[in-house]
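Participant: One structure, pasted below without further comment.
Rule-based calculations on the coordinates, nothing more; no lab input. From a predicted model like this one, the values you see are computed outputs, not experimental measurements. Here the Cβ positions follow ideal geometry from the backbone for every residue, glycine too, while neighbour counts run over all protein chains shown.
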Amino acid sequence: MSAQPPLWIRRLATRLRPGELSWDTPTLAQYAGDKWFAAHPPEAVARPRSTRSVAALMRFAHRHRIPVTPRGGGHGYVGGCVPARGGIVLSLERMNRILEINPRDFVAVVQAGVVTARLQEAVERRGLFYPPDPASRAESFIGGNIATNAGGPRCLKYGVTRDYVLGLEVVLADGTIARLGGRTHKNKTGFDLARLFVGSEGLLGVITEATLKLLPLPPERAVLAVGFGTMHAAVRALQTVFEAGVLPAAAELADEFTLAAAHRRTGSDRLAGCRAMLILELDGQPRAVREELRSVENLVRRQRPRFVQRGLGAAQAEALWSIRREFSYALRDTGLTKLNEDIVVPRGRLEDLFRFTARLQRKHRLPIACFGHAGDGNIHCNVMVDTGDADAVRRSRAALDELFQQVVAWGGAITGEHGIGLAKQRWWPLAVSPEVRALHRTLKRALDPKGILNPGKFV
């Protein structure tokens, strides 16, 4: 470590446990960014082991007006945990214990640094179910999922992270420890303050512990992967499933560019020449799932698909999902930079969205790969750019401006899962009214009057 760090770092180190504060150059570089393109090194990195240490750090930072950027697993796509104003990165990685799994109350109590997939595996061994399934669940933390209100494919049927937050332990900007909500599945005692911190992107407080709702684990699951010759046929197939009264656990859709890239990566002959792909998951009781699988397969075959693959049971279902998990890697294989925009449109605008992005591709001469959560209109529109080409970068910005303007005009949202962070600051005034922006500022001032929590972001 540096022989002589600034005086404030030395003073803060005395208030924390040994080893909880670092300021060596490699560590600062490691915590300078996330999966987005911006990075800025902090002046110190704190990795506390307890809520008491978090509170001590926040009291010190509040007193001395030192910026603090809370950090989960660092797998965000919008620069949400980039320490834009330096100061301290507060990583929750060492607060990673599952404190309780209670099958009688159907709750889990976890520290913020618990990896999402680890919690899911632990509760499923007890016959329980924690449904939120962001693509990064093998690496992302529960605290980060809560701070961004993470979703995933299963949110079609089961909802997003906020629907499973019963209670939170939060350290406020001045070091106050607040326990919000509780462990009951109904609670109307005062304002729903726990939900205020869900999706707050580290701007209002530091989430240190969560009490989460669990469900019974569905005993059976099945997946259909269906390829189509047109996007119209794929969208129509999904609409037919909904019209029949079927609510899949997940419904994913991918376009031609994405499938061509996946074909090159995986060598799957099924994808050759495929212009759209729909993946549907069903779950529930074994007999009901088998009957529903047959019914849904008959429905989608009316649209004359190029192929239909079915998987019954966890192993076969995961085998079919594996190709979906290759999409992002396949796009990276192109050598182009993937600008991942997690926009949301009303369900009835799905086909309009795919037509619109096709026009954007032609107008701006840039590939745009679209795939994602078709069931709730949350499609990841990936503008593919050669960042070494200044003109291509300029065209990508113009394409994104048009994309977000059209999404907002349709009554959609500029982000469904990733948050605003740094990446979407440009479109924050487009997305919300002046009155709503003012309300955000009012809440921020009330909870963080000195503006030390994750400064430089959208509020």
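Participant: Add -39500 (n - 2.57) for each DSSP H run of 4 or more in the chain, then divide by its residues: what number comes out at 222 nm, to the nearest 500 deg cm²/dmol? Each step should come with its number before you reach the end.
Facilitator: Working: 16 runs with 164 residues, N = 459.
So the helix-based figure for the chain works out to -10500 deg cm²/dmol.
Participant: On to the next question. Calculate the spin-label point distance for residue 184 paired with residue 52, positioning each point 7 Å from the Cα along the beta-carbon direction, and give it in nanometres.
Facilitator: Distance between label points: 3.1 nm.
Participant: Okay, moving on. Please give the peptides 147-153, 226-232 ranked by average Cβ packing (other Cβ atoms within 10 Å per residue), highest first, as a rough proxy for protection.
Facilitator: 147-153, 226-232
Participant: May I pose another question? Which shape class, rounded, prolate or oblate, goes with the stretch 315-459 when its Cα gyration tensor gives a ≥ b ≥ c as root eigenvalues, a/c under 1.5 marks rounded, and past that a/b bigger than b/c marks prolate? Mind showing how you got there, number by number?
Facilitator: Working: a/c = 1.66, a/b = 1.47, b/c = 1.13.
In terms of gyration-tensor shape, prolate.
Participant: Taking the Cβ of residue 105 as the centre, find all other residues whose Cβ is under 13 Å away and add up their charges (Lys, Arg: +1; Asp, Glu: -1).
Facilitator: Local charge sum for residue 105: +4.
Participant: Hey, quick one: spin label on residue 329, modelled 7 Å out along Cα-Cβ, who in the stretch 197-236 has an amide N within reach, i.e. under 19 Å?
Facilitator: Nothing falls inside the zone, counting backbone N under 19 Å.
Participant: Pairs of Cα atoms under 8 Å, at least six residues apart: use those to get the relative contact order of the stretch 309-459, whole percent.
Facilitator: 21 percent.
Participant: Moving on. Sorted by mean Cβ packing within 10 Å, highest first, what order do the peptides 69-78, 97-106 take?
Facilitator: So the order, starting with the most tightly packed, is 69-78, 97-106.
Participant: Indicate, rounded to the nearest 5 percent, the antiparallel portion of the DSSP beta bridges found entirely in the chain.
Facilitator: Around 90 percent antiparallel, to the nearest 5.
Participant: Identify which of the listed values of volume of the Cα convex hull per residue in Å³ was calculated from the structure shown: (i) 136; (ii) 200; (iii) 150.
Facilitator: (iii)
Participant: Right, here's the next one. For the stretch 235-275 and the stretch 186-206, what is the centre-to-centre distance using only Cα atoms, to the nearest Å?
Facilitator: The two parts, judged by their Cα centres, are 36 Å apart.
Participant: On a 0 to 90 degree scale, rounded to 10, what angle separates helix 314-324 from the longest Cα axis of the chain?
Facilitator: That helix lies at roughly 80 degrees to the long axis.
Participant: Restricting to the stretch 7-91, what percent of DSSP beta bridges are antiparallel, rounded to 5?
Facilitator: If we restrict to bridges inside the stretch 7-91, about 30 percent are antiparallel.
Participant: Find the lysine pairs in the chain meeting two conditions, Cα atoms under 25 Å apart and a separation of 8 or more places or different chains, and report how many there are.
Facilitator: 17
Participant: If you average the sequence gap of Cα pairs under 8 Å that are 6 or more apart and divide by the length of the chain, what percent do you get for the contact order? Can you show the working numbers first?
Facilitator: Numbers: 991 pairs, mean separation 70.5, N = 459.
This gives 15 percent for the chain.
Participant: Sort out for me the Cα centre separation of the stretch 307-376 from the stretch 86-133, rounded to whole Å.
Facilitator: Taking the Cα centre of each part, the stretch 307-376 and the stretch 86-133 sit 29 Å apart.
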